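The next block holds one structure in the form of structure tokens; read it before the comments.
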Amino acid sequence: MSQDSAAPETGRKLSGRRRREVVAVMLFSGGPIFESSIPLSVFGVDRQDAGVPRYRLLVCAGEDGPLRTTGGLELSAPYGLEAISRAGTVVVPAWRSITSPPPAEALDALRRAHEEGARIVGLCTGAFVLAAAGLLDGRPATTHWMYAPTLAKRYPSVHVDPRELFVDDGDVLTSAGTAAGIDLCLHIVRTDHGTEAAGALARRLVVPPRRSGGQERYLDRSLPEEIGADPLAEVVAWALEHLHEQFDVETLAARAYMSRRTFDRRFRSLTGSAPLQWLITQRVLQAQRLLETSDYSVDEVAGRCGFRSPVALRGHFRRQLGSSPAAYRAAYRARRPQGDGAAMGDAVVPAQGSGGHGGHGHGGPGGPGAGMRRPTAGAAAGMGGEPGKPHLDALASGRASLPGQRSAP
């Protein structure tokens, strides 16, 4: 669904002691202060004078305190896990380490809350806590793009999409990193009290009520904005435009007129990522789009994404997304109703050979494309460029054409 679509109904009733207007925020030691503060500010400040209905906030320690956060600050939560039994919504804003298991008591409290009808929300790495509790099994979810491959690998039953700003699956919601937590919290207010209330809150927070685009603008490029003035920007743009071709990092280094060693060092200093890993990620993302927006076979998808063989595609796809290409397509189709997203013209599929590729269409899970049809040249032309060519203006300006939010069908 698009951001304008209504959120899915949960179909669950709260147990007698829980109240819809009560929001519990579960904090842990080592959690970053920014993510932790988002639900506190959204749900804990009385803004009724601005037309924002009031929530009742319960800040709960997910483990014994004191809770240490960014900069060595220590927090003392006024409530423990027992207070979660009164909440209609439970928010886990972050988890301290994607490699460490959350406390068993906190996981039990989350499971119990969900069983009793509470809405469970994971912001950023809070998704790892929800996954550890088993609440994301068989569901679509997102997290910070940096940690999405780890989430998918560790919890293969979770349908991880690293491109969304947030995913609303009814009674379980997850968001991407950092500021995307604000997007999801505003979405919750919009779901509970309507567009006017969410808009009033957004004005108070001085943020847009709805952000367009998803994580893909960051994940695809994995590059800071400053690279636009760097000579490597042209090489990166060329790579994104020619993903359908078989080339390696040596080719990119040659185009930058650098030795492989110098290119690796320069690329890593600008992006924090090794060029080979970045290139593989782009090819996997393009394969993901084609699996969603076309009826090409897996072998054809491999060729159109520059992989030397379907075996190579399957290996990299599974390592990054925790699923085989065929299983990913089947799961995607199963989650999308027939007829949803009939406007396939927004998805641009690359042509092999010299035609370039279209890597920035609306083919993501939040956008059109469920029909899985082979796009036409006319559809590609609708992007404002030549058929089969990418919309490089969108890349240059930092706009992403995928929606920033996916709600369950």
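Taking the average, over residues, of other Cβ atoms within 10 Å as the packing measure, peptides 129-140, 300-311 rank 129-140, 300-311 from highest down. For residue 145, the residues whose amide H sits under 5 Å from its own are 177, ignoring neighbours fewer than 5 places away on the same chain, with H placed 1.01 Å from N. Rounded to the nearest 5, the antiparallel percentage of DSSP beta bridges internal to the stretch 50-163 is 20%.
Of the peptides 83-91, 166-174, the ranking by mean beta-carbon count within 10 Å, highest at the top, reads 166-174, 83-91. Remark: the stretch 19-205 is approximated by an ellipsoid whose semi-axes, taken from the C-alpha gyration tensor as √(5λ), come to 23, 19, 16 Å, largest first. Cβ crowding within 10 Å, taken as a proxy for footprinting-reagent exposure, orders 175, 15 from fewest neighbours to most as 15, 175.
Only the coordinates and a few stated rules stand behind these numbers; no lab work does. Only a predicted model underlies this, so the values are computations on that prediction, with no experimental measurement involved. Neighbour counts are summed over all protein chains in view; Cβ atoms, including those assigned to glycine, are modelled from backbone coordinates with ideal geometry.
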